[in-house]
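Please read the structure below before turning to the comments.
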Amino acid sequence: MSKDQKQDSATLARQAGIVMVQAHLVLGAVAKGARICIDEGQHHVRAKGWVAVALNGTIWLHPKRRARPEEWASVIGIVLSCLGLGMVRQREPAALWEVASLVTALRFCAELKLGELPEEWRLPECEDASVESLFQRFCIEGCPEPLQAWYADIGGGEPLFVALDEKLLPWQRKILWHELLADGIARGVGRAIAIAGGAPADQAIKPQSREYRARRRMMDCYPLLGALAASFDLENDIRICQQYDIRVAAIDVGARRIWINPAAGLNDDETLFVLAHELLHAGLNHASRRRGRDHVLWNVACDFAINSWLIEMQVGVPPAIGLLYDAALAGQSADEIYDGLASDMRRARKLATLRGAGAPDLIGEDSGGQFADAEEYCRRALAQGMDRWEHDGRRGTVPAGLLEEIRSLAQPPIPWDARLAHWFDERFPPLEMRRSYARPSRRQGATPDIPRPSLSKPPEEERKSRVFAVLLDTSGSMEPAMLGKALGAIASYAMARDVIAVRLVCCDAAAYDCGWVEPENLLHRFTLRGRGGTVLQPGFDRLRELANQGELPAHGPVLVITDGWCEDRLETRMDHAYLMADGRRLPFTPRGEVFHITP
C-alpha cells in the first residue's frame, strides 16, 4: 500500500469518526456547533497528542494520527463533553484542572457508549467524584502518578485546553455549549421514554425541529413569553408555507397557529427570535388594534417596534436574511411609527415583513368570537408572563415601551356601551321628584293634624326638554347589522333615562326628516329613507332650522351614526357625538366624542 493510500485511509477513518459524533443523539448538537479542523502545522496538537480544544469551540485534530473511526469518535466526544459541561476555561493550576476535567468527561462519555477508547486513553484507577472535588483533592494532596502518566500520554506533554484567553471577534456570536448539551440530554431521555412506551426505535430517535426546540427554550428561559409559546401550534410544512407565500414566518391568532418556513435556513437562535416576534404580535393584540388602518403599513410599523424591543432584550439573534429595524425608531410605539410611515406610502409599501414584501405576517380572520377569545387569552398570558418575569428578579430588563404597552393592555379601555351610557347620564340626569308641604287633597286618617311632605312629578316643561336628535347615515355603505345595533343601544339608553322623544333625521345625498319618534319605536322595524351617497351637512342644517323654530333645544344634543365615509368638514354648534363601527375613522378631527361599536 502506498503512502498516499495510507494517508487516505487515516483521513477517511478520522472523517468517519467525526460523522459518528455529529450523528450522536446527545453530543450531536455540540458537535455541529463546534468547528472541527485538522492541525496541519501542529501548532496546538503535538506529535504524540491526539486533540486540542479552544474556548470558542474550535477542535484541532492530529493530522497524521492513525486510528479507527470508533476511537476518533470517542476522543472527540470527550473534548465535546468538556465544552458542554463548561470545563474548558482558565483555572490554576491548569494541568490539574485539565486532568480533573478529562477524567469527568471520560466517565460521562462512557455512559453514552460512544465509540471505543484508544489504548492510551484508558483511565487508570481513580476516585469517582465531581470535577470540583477532584480538582480540590489534586490541589491539596497532589495528582496521583498514574494519572500524571495518563495525562502525558494522551496530550503528548502539552495542554489540551488552548486559546483560553482569546476574545470573540465582533462578527462571532457566543455559543451556549451547556444549552446544546442540555438539549441533547433531553433528546436522549425522550428517546428512552418513547422506547419504553413502545415506540419503534427508528421513530424515537427523530430529533425535534428547530421550531419546537425554540419553543421549549422560550418556555424554560423566557417566562415573559413562555405561556404564549405553549398555547400556539407550530407548523413547518414547506408546502403550506409556499401556498400562503410565507417567506420566513406568519401567525394566525384566531387559529392559534404559527408558520415557520424551514426553507428560510434559520439556526436555533434566529428561530427563537422569529418565534418571539410572532408571539409579541399576538400578545400585544396588533390584529385588533389596526382599527381600519392599512394592513401592510400597520404590520410594518409593529415589526419595527417589536424588533427593536427584542434586539434590546437580546432574545435570540435577528435573522441573517434581514428584518425591519431602524435605530432611529427605537423607543417609539407602533402608532407613532405608523404615522411617520404614512407620509411616504410608496416607500413604506416596499418594506418586507417576515412573510414577504407587501404581505402582512398577521394572517387569518381578525373578527368573530373565536378570534376575540384568542386575543383575550394572549393579552392575559402576556400580562401574567410580565409578573413572572419581574418576580424572577429581572425587573428593569424589559424596554420601557414594551412594558408600557403590556400594562396598558392589562387595563383595557372602557367598553363603548359603558361610555355611551355615561354620555347619556351627563346630558340626561335622573329626574328628581320634588317634595311639597302644600295641603294634601286627602289627610291621613290616623294623624290628620300632622303635615307631611308629598312627592310631586317634575314640571311638564322639564320633562318635555328631555329630547335629542339622531342623525342617521342611511347611505349604501352602511351595514344593516351596524344600524340595528346602534339604534337598539340608543333606544334602550333613552328609555332608561326618561327621554320622551327622539328627532330622527336620515341622510344620504340629502336629508330626510322623519319627525319625532318615541324611543321604544326604534326597537321595532321601520322603513329608512336613503341608501344613496353620504352627505351629513344637510342633516345638521335641518337640525339648526328646527332649533331656530323652537322645536329642538338649541344646544342639542345630537348623536350621529355613520361609517365615516362622509365629507371632509362638518359645521355645527350643537353638542354632538359619533357612533361608528369598530375600525372606522372620520376624515376630519371630531370635536365631539367618538364611540366605536365593537363586536
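Nothing in this text is a laboratory measurement; each read-out follows from the coordinates by a stated rule. Everything numeric here is computed off the predicted structure, so don't read it as measured data. Positions of Cβ are backbone-derived with ideal geometry, glycine not excepted, and every protein chain shown enters the neighbour counts.
Taking a sphere under 11 Å around the Cβ of Pro69 and counting the other residues whose Cβ falls inside, with K and R at +1 and D and E at -1, yields a net charge of -1.
Could you please rank Thr589, Thr11, Thr572, placing first whichever residue has the fewest other Cβ atoms within 10 Å of its Cβ? Intermediate values should be presented prior to the final figure.
Values: Thr589 5, Thr11 13, Thr572 19.
Ascending Cβ contact count within 10 Å gives the list Thr589, Thr11, Thr572.
log10 I(q)/I(0), Debye, Cα-only the stretch 540-599, no solvent, q = 0.25 Å⁻¹? Values returned for q = 0.25 Å⁻¹ are -1.04. With all pairs of different alpha carbon atoms counted, what Kirkwood hydrodynamic radius in Å does the chain show? Kirkwood radius, the chain: 30.7 Å.
Return a whole-number percent for the relative contact order of the stretch 3-179, with Cα pairs under 8 Å and 6 or more residues apart as the contact set.
Details: 243 pairs, mean separation 49.7, N = 177.
With pairs under 8 Å counted, the relative contact order is 28 percent.
How large is the direction-averaged shadow of the alpha-carbon convex hull of the stretch 3-179, in nm²? Can you show the working numbers first?
On the way: hull surface 41.2 nm².
Across all orientations, the stretch 3-179 yields a mean hull projection of 10.3 nm².
When a footprinting reagent is the concern and you count Cβ atoms within 10 Å, what order do Glu127, Glu336, Glu98 take, fewest first? Present the calculation step by step, with values, prior to reporting the outcome.
Details: Glu127 9, Glu336 14, Glu98 20.
Fewest-to-most Cβ neighbours within 10 Å comes out as Glu127, Glu336, Glu98.
Over the C-alpha trace of the stretch 210-410, radius of gyration and Dmax come out as 15.5, 45 angstrom.
Calculate how steeply helix 69-84 sits against the longest principal axis of the alpha-carbon atoms of the chain, using the helix alpha-carbon long axis, and give the answer as 0 to 90 degrees to the nearest 10. On a 0 to 90 degree scale, this one is about 50.
Exposure proxy check: Glu426, Glu270, Glu125 ranked by fewest other beta carbons within 10 Å? Before the final figure, lay out each step's value.
On the way: Glu426 10, Glu270 21, Glu125 7.
The fewest-first ordering by Cβ neighbours comes to Glu125, Glu426, Glu270.
Around the amide H of Arg257, modelled in the peptide plane, lie the amide H atoms of Asp233, Asp252, all under 5 Å away and 5 or more residues distant in sequence or on another chain.
Using a Förster radius of 41 Å, what is the FRET efficiency between Ile193 and Ile38 based on their Cβ-Cβ separation? Nearest 0.05, please. It comes to 0.60. Against the chain, whose longest principal axis comes from its Cα atoms, helix 145-155 is set at around 80 degrees. When DSSP assigns beta bridges and you keep just the ones with both residues in the stretch 3-179, what percent turn out antiparallel, to the nearest 5? Bridges in the stretch 3-179 that DSSP calls antiparallel: roughly 35 percent. Our summary gives the chain a relative contact order of 9 percent, counting only alpha carbon pairs under 8 angstrom and 6 or more residues apart.
Restricting the calculation to alpha carbons of the stretch 83-185 gives Rg and Dmax of 14.8, 45 angstrom. Helix 295-313 versus the longest principal axis of the chain: what angle, 0 to 90°, nearest 10, using Cα atoms? Rounded to the nearest ten degrees, it is 50.
How much of the DSSP beta bridge set in the chain is antiparallel, as a percent to the nearest 5?
Working: 16 of 46 bridges.
Antiparallel bridges: around 35 percent, rounded to the nearest 5.
Measuring how big the stretch 330-421 is from its alpha-carbon positions, Rg and Dmax come out at 16.9, 45 Å.
Only the Cβ atoms of Lys and Arg (+1) and of Asp and Glu (-1) were treated as charged; on that basis the dipole of the chain about its Cα centre amounts to roughly 1120 debye. Note on Arg137 and Lys350: their simple-model spin labels are 6.9 nm apart, each label 7 Å out from Cα toward Cβ.
Under the simplified labelling scheme, the Tyr212-Ala16 pair shows an inter-label distance of 3.2 nm, with each label point 7 Å from Cα along Cα→Cβ. The residue among Cys143, Ile246, Ile36 whose Cα reaches farthest toward the positive pole of the charge dipole of the chain, with charges on the beta-carbon of Lys, Arg, Asp and Glu, is Ile246.
Which chymotrypsin sites (Phe, Trp or Tyr not before Pro) does the stretch 303-402 hold that lie in a coil by DSSP with at most 15 other beta carbons within 10 Å? Please list the in-between numbers first.
Working: sites: Phe304, Trp309, Tyr325, Tyr338, Phe371, Tyr377, Trp389; in loops: Tyr325.
Sites meeting the loop and neighbour criteria: Tyr325.
Figure the gain on full extension for Asp568 and Ser343 (residue separation times 0.36 nm, minus the Cα-Cα span) and round it to one decimal in nm.
Numbers: separation 225, 0.36 × 225 = 81.00 nm, distance 1.90 nm.
Here the answer is 79.1 nm.
Loop-located GluC sites (Glu not before Pro) in the stretch 546-599 (DSSP state other than H, G, I, E, B) with a sparse environment of at most 13 neighbouring Cβ atoms within 10 Å: Glu551, Glu567, Glu571. Entry note, the chain: the mean residue ellipticity at 222 nm calculated from DSSP H runs of n ≥ 4, each adding -39500 (n - 2.57), is -13500 deg cm²/dmol after division by the residues and rounding to the nearest 500. The modelled label-to-label distance between Gln411 and Glu593, using points 7 Å beyond Cα along the C-beta direction, is 1.9 nm.
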